[in-house]
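Student: Dumping the structure here so I can ask a few things about it.
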Protein chains: 2
Amino acid sequence: MRDLGVLGKVLTMTTSEQPATLRERKKLRTRQALVDTAVTLFGERGFDSTPLDALLEQVEVSRRTFFRNFRSKEDVALTAVKQLWDVYLEVLDGIKKSGPLADVFLDAMLTTLERMDEDWYRRFPLTLRLIADSPALDGYTLRHCAEVQAEIARRLDVQSRLELRLLIEFFVATWRCTLDEWLPDCIPGELPTLLRRSCSSVNSALSLSFMA
Amino acid sequence: MRDLGVLGKVLTMTTSEQPATLRERKKLRTRQALVDTAVTLFGERGFDSTPLDALLEQVEVSRRTFFRNFRSKEDVALTAVKQLWDVYLEVLDGIKKSGPLADVFLDAMLTTLERMDEDWYRRFPLTLRLIADSPALDGYTLRHCAEVQAEIARRLDVQSRLELRLLIEFFVATWRCTLDEWLPDCIPGELPTLLRRSCSSVNSALSLSFMA
DNA sequence: GAAGCAAACGCCACACTGTGGCACTTTATG
DNA sequence: CATAAAGTGCCACAGTGTGGCGTTTGCTTC
């Protein structure tokens with residue numbers, strides 16, 4: 001529970017395992033409060049222009065406690081993003097077997113999207129808007145993606161490391177492009193459709209030419 | 001000269017246009033000193049563990065002056081990266097005409113690499129090592145890449161925006177993979193070779209499968 | 001249930017980054 | 001030479017993130 005790492009589970013909300021001890025439940029409750037309040041508060045007042053103290057005041061926690069749970073102001077804002085990739089890595093471990101890797105990556109994401117619960121689908125779009133409005137948050141997110149990509153590569157075993165690295169980069173890039181298309185409306189049911197479309201556009205994208 | 005934007009020319013070292021006025025030459029001299037000292041100083045003591053004051057003290061500039069020239073500590077460290085993309089955008093404007101876009105992107109980068117001077121090939125590897133050692137710097141770099149990508153997309157005109165966006169993402173991702181392969185030795189002459197190899201691996205990467 | 005223990009918390013002080021105000025110096029210009 | 005403008009330095013401040021340390025709170029064992 002002292003993980004706090006960029007990888008590794010951040011909040012155990014997806015598997016809904018209730019911690020036995022009261023202490024851990026309390027701790028988890030304040031973390032949840034911080035996450036929820038952060039997304040809404042930053043959404044109202046803007047991430048960059050909202051001091052961390054405003055969040056701490058509202059949730060009534062000291063700064064010391066906050067930084068024991070999150071490594072930075074960006075960290076708490078991006079919880080939804082981290083949760084997605086945590087689940088994705090779990091899913092990938094479960095289903096990686098055979099066939100084209102590109103399909104495996106896509107299927108894993110589709111499965112991941114099915115696993116996320118309603119609350120996540122409420123917070124995730126809010127988080128995406130925060131990212132779109134704050135370059136600092138965007139940089140932090142991209143960095144997180146890079147670490148996830150390295151983790152994916154670490155768990156797979158193929159002939160060419162370069163080609164594996166490239167494929168992972170392409171898949172995550174495609175995912176991010178898909179999110180940009182999803183962003184305006186953010187209808188949960190459309191996300192898998194958009195992702196499939198993006199993936200099926202990859203080949204024509206590579207052979208793209210100038211307009212006539 | 002008051003640009004300071006993430007895009008747009010940072011230092012006019014590539015085209016070597018001497019500013020007429022003494023004032024501008026002075027200013028440029030301090031900027032050069034800051035850039036040079038930053039790369040070496042951060043290289044010796046580490047980016048994260050070197051306070052900005054150490055740099056200011058060595059160059060003998062006040063903090064106020066520094067922040068008039070650079071927008072952040074990361075900014076001055078990444079000058080070489082920014083210069084590369086500045087030149088790339090220039091080159092792209094000059095040669096974009098017809099044929100497959102993927103080839104255009106690759107050719108533009110090869111031309112760009114030819115245009116960079118010896119001093120840049122000295123500073124760029126140092127900068128890459130700084131990035132590899134500092135997550136904060138890495139995030140900043142990725143964010144800069146994203147802005148460059150948006151700028152490239154803005155300057156081109158093709159049928160499908162999504163496919164264009166994808167292709168640009170893929171190219172830049174390929175470039176970053178190439179840099180990782182180049183990093184250990186950093187022999188200038190090998191960079192074009194490695195880049196060509198990465199680009200020619202794209203298709204096989206997309207059809208990658210698990211090991212037998 | 002009481003004593004003891006460990007985890008979590010709050011408070012305080014500090015280092016570092018980045019910004020704004022204002023006075024002072026230097027350079028360009030008439 | 002005088003004046004305006006650009007550049008600089010100094011000072012103070014807001015915000016983020018860290019470490020020390022005493023105190024509270026929940027857990028454990030008798």
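The values are calculated or read from the model by the stated rules, or taken from the named source; none is laboratory data. Keep in mind it's a predicted model, so treat the numbers as computed, not measured. In this analysis, Cβ positions are derived from the backbone assuming ideal geometry, glycine residues included, and neighbour counts consider all displayed protein chains.
Student: Within segment A:155-175, track down each residue that is under 20 Å from the mean Cα position of the chain (by Cα) and surrounded by fewer than 18 Cβ atoms within 10 Å (Cβ to Cβ).
Tutor: The answer is A:R155, and nothing else.
Student: Related question: When you check A:Q58 against the structure, is it more than 14 Å from chain B (Cβ to nearest Cβ), crowded, with 16+ Cβ neighbours inside 10 Å and of a type outside the set (G, A, S), yes or no?
Tutor: When the stated conditions are applied, A:Q58 does not pass them.
Student: Same structure, new question: Restricted to segment B:78-95, and to residues that are within 14 Å of chain A (Cβ to nearest Cβ) and within 20 Å of B:R123 (Cβ to Cβ), which residue is nearest to DNA strand C (Cβ to nearest atom)?
Tutor: By that ranking, first place goes to B:L78.
Student: State all residues of segment B:177-188 that are surrounded by 16 or more Cβ atoms within 10 Å (Cβ to Cβ) and under 19 Å from A:S160 (Cα atoms); if no residue qualifies, say none.
Tutor: Passing the criteria: B:C177, B:T178, B:L179, B:E181, B:W182.
Student: Next up: Of all residues in segment A:203-212 being within 8 Å of chain B (Cβ to nearest Cβ) and surrounded by fewer than 19 Cβ atoms within 10 Å (Cβ to Cβ), which is nearest to A:V104 (Cα to Cα)?
Tutor: Of everything passing the filter in segment A:203-212, A:N203 is nearest to A:V104 (Cα to Cα).
Student: Of the residues A:V61, A:V81, only one is over 18 Å from A:L167 (Cα atoms), part of a loop (DSSP other than H, G, I, E, B) and touching a Ser or Thr at 6+ places or on another chain (Cβ under 9 Å); which?
Tutor: Just a single option satisfies the conditions, and that option is A:V61.
Student: Suppose we filter B:L137, B:L142, B:L128, B:L106 for residues that are over 15 Å from the mean Cα position of the chain (by Cα), part of a helix (DSSP H, G or I) and either facing another protein chain (nearest Cβ under 8 Å) or buried (at least 17 other Cβ atoms within 10 Å of the Cβ) (or both); which single one remains?
Tutor: None of the others qualify; the one that does is B:L106.
Conditions (1) over 24 Å from A:D180 (Cβ atoms); (2) more than 16 Å from DNA strand D (Cβ to nearest atom), marked per residue:
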{"site": "A:S62", "(1), (2)": "yes, no"}
{"site": "A:T65", "(1), (2)": "yes, no"}
{"site": "A:V87", "(1), (2)": "no, yes"}
{"site": "A:E90", "(1), (2)": "yes, yes"}
{"site": "A:L126", "(1), (2)": "no, yes"}
{"site": "A:A136", "(1), (2)": "no, no"}
{"site": "A:R143", "(1), (2)": "no, no"}
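Student: Something else: Among residues belonging to segment B:1-48 that are modelled with pLDDT of 95 or more and in a loop (DSSP other than H, G, I, E, B), point out the one that is surrounded by the fewest Cβ atoms within 10 Å (Cβ to Cβ).
Tutor: Checking each candidate, the answer is B:G46.
Student: Regarding A:L106, is this residue within 13 Å of DNA strand D (Cβ to nearest atom) and among the aliphatic types (A, V, I, L, M)?
Tutor: Criteria not met by A:L106.
Student: Same structure, new question: Out of curiosity, is B:T111 part of a helix (DSSP H, G or I), more than 21 Å from B:R143 (Cβ to Cβ) and modelled with pLDDT of 95 or more?
Tutor: yes
Student: Kindly provide the set of residues from segment A:191-202 that are within 11 Å of A:E181 (Cβ to Cβ) and surrounded by fewer than 19 Cβ atoms within 10 Å (Cβ to Cβ), ordered by number.
Tutor: If the condition is that a residue be within 11 Å of A:E181 (Cβ to Cβ) and surrounded by fewer than 19 Cβ atoms within 10 Å (Cβ to Cβ), then A:T193, A:L194, A:R197 are the ones that fit.
Student: Next question, about the same structure. For the list (1) within 11 Å of chain B (Cβ to nearest Cβ); (2) over 29 Å from B:S134 (Cα atoms), I need the number of the one condition that A:D119 fails.
Tutor: Just one mismatch for A:D119, condition (1).
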